[in-house]
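K.L.:
This is the structure, below, for whatever I ask next.
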Amino acid sequence: MNPTFGQRLLRWTVLALGYAFLYLPIVLLIVYSFNASRLATVWAGFSTKWYGELLRDRQILEAAWVSLRIAFWTATAATVIGTLGAMVMTRFHRFPGKTMFGALITAPLVMPEVIIGLSILLMLVSVGAAMGIPSKGMVAIWIAHVTLTVSFVTVVVSSRLQELDKSLEEAAMDLGANRLKVFFLITLPIIAPALVSGWLLAFTLSLDDVVIASFVAGPDSTTLPIKVFSSVRLGVSPKINALATLMIMAVSIAAIVGWWLMYREDRRRQLDMQLALQENG
Amino acid sequence: MAAINERANGFPAEAGSERYLRIEGVRKEFDGFVAVDDVSLDIRKGEIFALLGGSGSGKSTLLRCLAGFERPTKGKIVLDGEVMNDLPPYERPINMMFQSYALFPHMTVEQNIAFGLKQDGLAKDAIRRRVGEMLEMVQLEKLAKRKPHQLSGGQQQRVALARSLAKGPKLLLLDEPMGALDKKLRSRMQLELVNIIETSGVTCVMVTHDQEEAMTMATRIALIDQGWIQQVGTPDEIYEQPGNRFAAGFIGSVNLVEATIDEDEPDYVTLRTPAFDAPIHIGHGITGFEGQQVSFALRPEKLGIGKAEPEQPHNKAHGTIEDIAYFGSHSVYHVRLPSGIKLMANFTNQQRWASEGMTWGDQVWLWWGDNDGVVLTS
Amino acid sequence: MNARALKRFFPGGRWAVIAVPFLWLLLFFAIPFLIVLKISFSRLAIAMPPYTPIVEYVDKALTLRLNLGNYVALFTDSQYVVAYLSSIRIAAVSTLLCLLIGYPMAYFIARMKPSTRNIALMAVVLPSWISFLLRVYAWVGILDANGILNRALMGLGVIDAPLRILYTPLAAYIGIVYCYLPFMVLPLYANLVKLDLRLLEAAYDLGAKPWQAFLRITLPLSRAGIVAGCMLVMIPAVGEFVIPEMLGGPDTLMIGRVLWGEFFNNRDWPAASAVAIVMLLLLMVPILVFNRYQQKEMEGRLT
């Protein structure tokens, strides 16, 4: 049934308002990063001086480097562990303890960050010494971030695994590959895009976290969000706007590149299939 | 179970070839639901054996037990003398062609076919040679470098077949081989597939719900319903000598009437039925007794139809044409008898416009020979 | 089962796959809760770590000292009670607002052509890839007395004096809705996109008007998505810290801020632990509801 004009109007109004709501603050962030005045609310002319100041701020740059390293290792570990979790959830039939396993996997998705941060810190303080892990520091942040993000990776990867035709894996076994080989030769290559998505998601979550990091960060492991947070508590600062703009640009470029790659892949597939149909073998 | 016909279909009987694949008392339960109910079958080396049944009949489960994806709750599967039960799928000399073909999307046609060979650790040259042979066999040499999504349905099927034969398995399994093809392609591929399989000489078990497919492709068929085997035999045996009502009704069309045995003699039998006025005369003896309730099965193509009353005193019925279904090559006349029963009779349109002027509402006679029908006791 | 079969089936391999994620989460997610529970029964002390031990073994006497003071304070001190209730209220209202905004968006996106659908969805998710912190910060600039919103409204003549939005609960609402909207849209979309349009066509064919079809077919069928979206927003929102801290004022009491305050300002780990435990208990039921839904989603067609 084709939508009436009224329905179409409604649809586009809702979406326009929704997207405006989502994107306006971001646009404003970018605009005011070029504001010559320190007051981010009064426009005083175009200037890029804040970018200069940002790049000269050693503390922020160091914090950024710390955050990037932690985010990288978090994403990598979370992807490995999360993918294993996804395999268990989607490919392993009932086994004793699966419900508890499922609960452990899904709870972190909604757990308030203050609780995660506090609990991991207290855990590391209590028994960390015995395990050889200092209760504050980059390793602690890494552990906490991995714990936070594993579930998200599991969700992303399970979704893809479910769509995967099980007969592909069965065919591989039928042809002589044991379960391990099936995973590496067949499953993994096919779900690879989901793994990349999961990695990026974990990376972003880690890079962005301020609450958990605050609990377990040490004096030499200040992360970027911690720095930003303490900075903005004192008030608006255009340097932060500049930082925000750089991050927005980075994310946008990554998103556009990613989308374009997928689009190209899709188009090629479509053409291939049309070609095959025409030949009608 | 039904006796296995001794006609070997032209195969020289090697020692052990009669029972190359033995399915012995296999039973598969899922949470109390019995999918496969004590099935025993002996399959000969080199034959194409079809498991024919509707959905939910248990045929796919049985196939998966053979492949190794399900473990039988009870029973044994023995191939060429070796027990298969405890072997995982990747260690069985059995290969399967999946209904969806399951071609690996990230590999080319060549790589798909080579996959099984690589798992066996064959040398690169040997693999290349074998893959070349397989491509030749299915006539897809030119498409070796393509990926599955660049192929049509028919081409994909051939790749799947080549892949499953590449390792020269002792047993080839086909899961609804024609399921994904459209009707025209189906008929052509059925014969092609049979050719390739027979040329390679591999023993084959296929699973299908399409009776035409089974009848065309298989050397022997097992009818399976609700988890157990109803009848095993060659296509013409099952068609002409169905063992029970299920078998009679499943394959092709059939007229079934209930009757009582009137006279039970060694060389003939007479049946009385409320469906027809005249008695039914069978030209041979059967195992039964007088007064026994049986079913009488008559295939529509065995009935003669015409306006004039036939001379024979039995095996005839009289009624009104209620429906005519025209199929081009033949017509099926649905005739309503006074008893209320409707009989179907085929009439081949051998000559153009030759249906003797029979049309809706006409009174016609139907007749058949002494040995044209089958008496069913179950 | 012979030895060869045992080795081939790799029961060890299977358990290793289960063990890795299981042990990690057990060790770093589940067990820490037990430790928080333990410390919540402790007492603030000038020591490292800053709490008294619960179990003491002195002179061959084992004493278990459970300090209930933290919990007593939670239930008697009105500030805590108000903070808990306020958190639930703010989270609930925000969730409702997210639902009212997010459902129509998800609905219309799900009805788009597949090619535009993906872009539209990406456009909803994209903002959340940009730092959460920075997006909240953006609203500080917008809602300020001298901020964009006020200046625009005054410029248009709608108001005479600037509205005080920043540092009030209203700002916190706006912030939560803004940041959590994608979390509401995604599960709703995932659910609505699977809706078989032919069901609606059948309804129209039988004489139902569009809004009737929506109320009686679409809405009930999207219930699972609604539940998931609401849980995904409400549960973490209850414990939110950054948003009420940056956008809310002193009267925006949320339990996340209380916990933070106890830990960082008062350095009272036991009190913070008690706050955390009570928060967990409050959220237990919604978490279980979400967990059941999510497990089913992940298992898909697996029985």
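Read the figures in this text as sums done on the coordinates, not as results from a lab. Because the structure is predicted, anything quoted here is derived from the model rather than measured. FYI the Cβ positions are ideal-geometry reconstructions off the backbone, even for glycines, and counts take in every protein chain you see.
K.L.:
Please find, in a Gaussian network model of chain C (springs between Cα atoms separated by less than 10 Å), the residue of C:Leu200, C:Leu25, C:Leu282 whose mean-square fluctuation is greatest.
P.N.:
C:Leu25
K.L.:
Among B:Gly132, B:Gly179, B:Gly357, which one shows the highest mean-square fluctuation when chain B is modelled as a Gaussian network with alpha-carbon springs under 10 Å?
P.N.:
Highest fluctuation of the listed residues: B:Gly357.
K.L.:
Let me ask something additional. Tell me which aspartates and glutamates have Cα within less than 17 Å of B:Lys124's Cα, excluding those fewer than 8 residues away on the same chain?
P.N.:
Partners within reach: B:Glu110, B:Glu133.
K.L.:
Turning to a different aspect of this structure: Taking the mean number of other Cβ atoms within 10 Å as a proxy for protection, how do you rank B:106-114, C:154-162 from highest to lowest? Numbers along the way, then the final one.
P.N.:
Details: B:106-114: 21.4, C:154-162: 9.9.
Ranked by mean Cβ neighbours within 10 Å, highest first: B:106-114, C:154-162.
K.L.:
Tell me, how many Å apart are the Cα centres for region A:211-281 and for region C:144-205?
P.N.:
With region A:211-281 and region C:144-205 each reduced to a Cα centre, they are spaced 23 Å.
K.L.:
Now a separate question. Which loop-located chymotrypsin sites (Phe, Trp or Tyr not before Pro) does region B:311-378 contain, where loop means any DSSP state but H, G, I, E or B and the Cβ has at most 14 other Cβ atoms within 10 Å? Provide the component values of the computation, followed by the final result.
P.N.:
Working: sites: B:Tyr326, B:Phe327, B:Tyr333, B:Phe347, B:Trp353, B:Trp360, B:Trp365, B:Trp367, B:Trp368; in loops: B:Phe327, B:Trp353, B:Trp360, B:Trp368.
Qualifying residues, ordered by number: B:Phe327, B:Trp353, B:Trp360.
K.L.:
In degrees, nearest 10, range 0 to 90: what is the angle between the Cα axis of helix B:183-200 and the longest Cα principal axis of chain B?
P.N.:
That works out to roughly 60 degrees.
K.L.:
Can you tell which of B:Leu191, B:Leu171, B:Leu66 shows the greatest fluctuation in a Gaussian network model of chain B with Cα springs below 10 Å?
P.N.:
In the Gaussian network model the winner is B:Leu191.
K.L.:
Mind checking the mean number of beta-carbon atoms from other chains within 10 Å of the Cβ atoms in A:4-14? If you can, show how the numbers build up before the last one.
P.N.:
Details: counts 1, 0, 1, 3, 1, 0, 2, 7, 1, 2, 7.
Per residue, the average neighbour count from other chains is 2.
K.L.:
Please give the FRET efficiency for C:Arg292 paired with B:Ser187, using the beta carbon to beta carbon distance and R0 = 41 Å, rounded to the nearest 0.05.
P.N.:
Details: r = 50 Å, r/R0 = 1.23.
That gives a FRET efficiency of 0.20.
K.L.:
Could you tell me the distance between the Cα centroids of region A:97-121 and region B:53-79, to the nearest Å?
P.N.:
42
K.L.:
For region B:266-326 and region C:54-107, what is the separation of their Cα centres, given in Å?
P.N.:
85
K.L.:
To the nearest 10 degrees, how steeply does helix B:109-119 sit against the main Cα axis of chain B, on a 0 to 90 scale?
P.N.:
Helix B:109-119 sits roughly 70 degrees off the main axis of chain B.
K.L.:
Sticking with this one: Taking beta carbons within 10 Å but only from partner chains, what does the mean come to for residues C:263-270? Intermediate values should be presented prior to the final figure.
P.N.:
Numbers: counts 7, 2, 0, 0, 0, 0, 4, 0.
Averaged over the peptide's residues, the number is 2.
K.L.:
For the cross-link pairs B:Lys59/C:Lys194; A:Lys166/B:Lys183; B:Lys118/B:Lys147; A:Lys98/C:Lys38; A:Lys166/B:Lys28; A:Lys98/A:Lys136, which exceed 23 Å when the distance is taken from alpha carbon to alpha carbon?
P.N.:
As for pairs spanning more than 23 Å Cα to Cα, those are B:Lys59/C:Lys194; A:Lys166/B:Lys183; A:Lys98/C:Lys38; A:Lys98/A:Lys136.
K.L.:
Here's something else I'd like to know. Would you please give the FRET efficiency between B:Ser329 and B:Ser55, computed as 1/(1 + (r/R0)^6) with r the Cβ-Cβ distance and R0 = 30 Å, to the nearest 0.05? Let's see the in-between values first.
P.N.:
Details: r = 30 Å, r/R0 = 0.99.
Taking R0 as 30 Å, the efficiency between B:Ser329 and B:Ser55 is 0.50.
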